[in-house]
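Values in this text are rule-based calculations from the coordinates and carry no lab data. Quick caveat, the model's predicted, so the values are computed rather than measured. With ideal geometry, Cβ positions are generated from the backbone for all residues, glycine too; neighbour counts draw on all protein chains shown.
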Amino acid sequence: MRKSIVTSIVLCMMLSLFLAGCGKSKGTAAPGTNNSGTQAETPKATAKQLTMYTAFPEQEVVPYLNAFEKQTGIKVKFVRLSAGETLARLQAEKNNPQASIWYGGPSDTFVAAIKEGVLESYQPAGIEVIPEQYRDQQGYWAPVYVGPLGFASNTEWLQKHNVKAPESWEDLIKPEFKGQIVVAHPGASGTAYSILATLVQMWGEDKAFDYLKKLDENVLQYQKSGSGPPKQVGLGEGAIGIAFAHDILKPKGEGYPLELTFPSEGTGFEIGAIALIKGGPEDEREIAKQFIDWSISKEAQDLYASTKSFRLPINPDAEVAEGAARIDELKVMDYDEVWAGEHRKELLAKFESKIKGQDAAK
C-alpha cells in the first residue's frame, strides 16, 4: 500500500513537470528569441539626449543645436574643446568614450584620429550632393563647412602706428609687428596645426621651420583655441591675429575694429568635419547618426548665413552669408588634409622642440 502511494506521487510530479514544459513552449520566448525560436530583432535606442564634443565656439554652436532640438525633440549636451584637445580627450577615453559625436574642427585632425582608432566610419544620408573633393575617401568623417586662413588686424592699432595690414606671410615677421602677433598653439588647436601644415606643404619643412622661428620672435601669445586670436586682437590686446576667415569675420561683424587680409603667396584652408566616435554611448547611436545626417542638410547649413557665422557651407544648395570669404575668389594652395593628418605627430614634436612647447598655450 505504501509503495503504491509513493508511485502515485512520483507519477503526479512527472506529469506536472511535463505540463509546465508544454506551457513554456506556448508562452513567452526565451530572451533574444521569438516564439519560433529564431533570434528576435533588438529594438532601436530611444535616447532623447545626445552628447558631443565640439570645436565650434559656444555662442555659435548653441543656435545649431537648438534648431536640431526644435526639429527632432532631441536635446544635445556638449563640451566645447579645440580640435587638438578633442583628439587628446578621445585618446584618453578610448576604452570608455563619454560622447557620441565630434562636431567641427579641421579635417586633418580627424585624419589623425582615424590613425588612433577613435572614430567609427559613417557617411550620412545625402552625402552624394557634397562636392567629392571635400569628402573623406575612407568614409570616417563628413565635411560640414570650409574656410580659408587669413590675418586679423586691429584697425585702430594700424592707424595709430601708421602701419599697413599684412598682405603676405613675410609681412608677419617684419620688426613693426614684434610682440604684436597672437596665434594658437598647434599642439592644442586644429587651426594652428593647419597653419603649420600649410607652411610646410607650401615651402618644405626646413624653410617653414626657419620662418616659424622668426615668427615666434613677433608672437605676443600662443592660445589654446584657434578662434581666440581675432577676439583678443579686436579688444586691442595685440595687433595681428592668424585664424580662419570666419573666425575673423564673426567678431568684425559684431563691431570689433578688425580688418581681414589674405597672404599673397597663397593660403591654406580647412574642411570642417563631423564624425561618429567609436564605442560611444550605445543608446545614442541612432540619434548620433541622425544628427550627422542633419548636419549636411540644406536646412542645417543655411544656419551659417542666418546666424552670420560666415562659415562657407559645404552643401551647394545652402545660402552663403553676405561678406563671407569665398575660397574660389582667393589664392589658395592645394592643401592636403590627409598628408597633414598623417604627419601630425612628427610635425608637432618638431614644433615643440624647435619653436615652443605646448605649455606656452594660454
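For this structure, a couple of remarks:
- Once divided by 2.2 N^0.38 Å, the Cα radius of gyration of the stretch 242-285 becomes 1.87.
- By the equivalent-ellipsoid construction on the alpha carbon gyration tensor, the stretch 114-180 comes out with semi-axes of 42, 15, 10 Å, ordered largest to smallest.
- Under the combined filter of DSSP loop state and at most 13 neighbouring Cβ atoms within 10 Å, the stretch 265-362 retains these GluC sites (Glu not before Pro): Glu322.
- Cross-linked pairs Lys174/Lys213; Lys94/Lys298; Lys178/Lys308; Lys160/Lys231; Lys75/Lys231; Lys224/Lys250: Cα-Cα separations exceed 21 Å for Lys94/Lys298; Lys178/Lys308; Lys75/Lys231.
- For the stretch 211-285, the Cα gyration tensor yields ellipsoid semi-axes of 30, 17, 14 Å (square root of five times each eigenvalue, largest first, whole Å).
- Bins of 20 Å, starting at 0 and running to the largest distance - Cα pair percent for the chain: 28, 48, 12, 7, 4, 1, 0
- Across the chain, C-alpha contacts under 8 Å between residues 6 or more apart give a mean separation that, scaled by the residue count, equals a relative contact order of 24 percent.
- Angle between the chain longest axis and helix 107-116 axis [Cα atoms, degrees, rounded to 10]: 50 degrees
- Shown for Asp328, Asp247, Asp216: other C-beta atoms within 10 Å of each C-beta, ranked fewest to most, produce the order Asp328, Asp216, Asp247.
- When each of Arg344, Arg80 is scored by the number of other beta-carbon atoms lying within 10 Å, the sequence from fewest to most is Arg80, Arg344.
- Footprinting exposure proxy ranking of Ser264, Ser227, Ser82, fewest other C-beta atoms within 10 angstrom first, gives Ser264, Ser227, Ser82.
- Rounded to whole Hz, the Karplus (6.51, -1.76, 1.60) HN-Hα couplings of the stretch 331-346, x for glycine and proline: 8, 10, 7, 7, 5, 9, 5, 5, 4, 4, x, 6, 9, 4, 4, 5
- Å³ per residue enclosed by the Cα convex hull of the stretch 317-362: 180 Å³
- Over the stretch 42-113, equivalent-ellipsoid semi-axes from the Cα gyration tensor in Å: 22, 17, 9
- For the residue pairs Lys164/Lys356; Lys77/Lys345; Lys278/Lys345, alpha carbon separations beyond 23 Å are given by Lys164/Lys356; Lys77/Lys345.
- Using the Cβ-Cβ distance between Glu342 and His161 with R0 set to 45 Å, the FRET efficiency from 1/(1 + (r/R0)^6) comes to roughly 0.60.
- Amide H contacts under 5 Å for Ile274: Gly104, Ala142, Val144, restricted to partners 5 or more places along the chain or on a different chain, H placed in the peptide plane at 1.01 Å from N.
- Cα→Cβ-extended label distance, 7 Å offset, between Glu132 and Glu265, nm: 3.3 nm
- Helical mean residue ellipticity (222 nm; -39500 (n - 2.57) per DSSP H run of 4+; nearest 500) of the chain: -12000 deg cm²/dmol
- Shown is the FRET efficiency for Gln49 and Lys214, computed with R0 = 56 Å from the Cβ-Cβ distance and rounded to the nearest 0.05: 0.70.
- Distance between modelled label sites at Lys70 and Glu58, nm, 7 Å Cα→Cβ extension: 2.2 nm
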